[in-house]
1. Sort all Cα-Cα distances of the stretch 187-226 into consecutive 5 angstrom bins from zero, then give the percent of pairs in each bin up to the one containing the longest distance.
2. What net charge do the residues around residue 6 carry, taking every other residue with its C-beta under 12 Å from that of residue 6, with Lys and Arg at +1 and Asp and Glu at -1?
3. When only Cα pairs under 8 Å and 6 or more residues apart are kept, what is the percent relative contact order across the chain?
4. Give me, ordered by chain and number, the residues 5 or more places off residue 221 or on other chains with an amide H under 5 Å from its own placed amide H.
5. According to the Kirkwood expression over distinct Cα-Cα pairs, how big is the hydrodynamic radius of the stretch 186-306, in Å?
6. At 1.002 mPa s and 20 °C, plugging the Kirkwood radius over alpha-carbon pairs of the stretch 67-200 into Stokes-Einstein gives what diffusion coefficient in µm²/s?
7. Using +1 on the beta carbon of Lys and Arg, -1 on that of Asp and Glu, and nothing else charged, what's the dipole of the chain about the Cα centre, debye to 20?
8. With charges set only on the Cβ (+1 for Lys and Arg, -1 for Asp and Glu), what does the dipole of the stretch 38-190 come to about its Cα centre, in debye to the nearest 20?
Amino acid sequence: MYRVAIIGQSLGAQIAALACKASGFQDISRFYGEQNHDPQRAIHSLGANASRLLRALAPEALEHAGFQPDRYQIRFAKSAYLLAELPLGEFYQQRYGAPLVNFAVHTLAAYLEEQLGMPMASATALKNIEASHELSVLTTPESAPTLQHEDASFLIYHARLPDHPLRKANVLWRGDGQYVEQLSDQTDVHFRFVTRADRPFDPAQWHESLQPALAAKEAVGGVAAKTYAASDRLFAGRVALLHSAVAPPLAARVDASNTALEDAWVLSRMLENYEEDVTDALVAYEQFRRVRSKKLHKIYWEELRRMTAPVLTSAWRFRLGMALRARFLPELALQQRDALHEHDVIRGFR
């Protein structure tokens, strides 16, 4: 088998190394990316589509480093009124075949490094890596993201607290043109604030339990609508591109990196299937992943726009419909999430 280089220090890069190792590749080199990307990532939330990959490649990671919330809630920002609730835990695992698990980024990264046992070389120009490897896997963008976009349509903040009354739940707090994702790992509770750029957060519009998080929040980036576009290109020459290398670097979703994990698994399968021809492997990889990548991009973009829409009549109608479905037609509410969670690349590409 040929020499493979994996560039980047993201979760996608670690999964790519584990997956290539599992596919029989022994000559794997790992390099730090030229930039430290994704500074806002403090927590991963792996739905079943991603946690089953982690369980296949590092079986004890879920128990060693993970935290499994027992329910998913949607609440109004100011009153904390429970708009909708769906079960997670055993119910979720029975439905999708794998659990939804939250991980502290540094805890999971440290655990996977122990499993890999592969040192990382210092950042090197991509052209130099290509010269000494038959295949290079780029897992982060080549250019560094900026923390604030002058033309940002949405701004992102993060806060971390030691505890919260709802720490066992994943909670989506809905405000007027803004929202907060609340997720816990084994030790802390994380809050990811997303708002339209023209709507600063007003503490008076948020529940008292969120006041400490509001006071502690720090800006971590933004999303510019005009650059938020899906890419058809998942390889260039002998360089494979994971979704995390071509998607907007400061995505507004806490689970946006999961797509790169799916990419890493499929790429490793294609490399194994076409071990004598890198180009055929990359063509097959792009063919299989392009549709999924574009579909998820559309879902993420539509949800971002919908969750940051000002509270007008149409928005209230949408929220009322969401509440009624979750309370009285939970099966229908779950079906709307199936595209994200039940997707199983292990079953399709063993």
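Every number in this text was worked out from the coordinates using simple rules, so none of it is lab data. For clarity, every value in this text was computed on a predicted model and none was experimentally measured. Heads up, the Cβs are rebuilt from the backbone with ideal geometry, glycines too, and the neighbour counts pull from every protein chain shown.
1. 5, 18, 30, 24, 13, 7, 3, 0
2. Local charge sum for residue 6: +2.
3. 23
4. Residues meeting the amide H criterion: 156.
5. 16.8
6. Value of D from the Cα-based Kirkwood radius: 117 µm²/s.
7. In debye, rounded to 20, the chain gives about 1180.
8. 540
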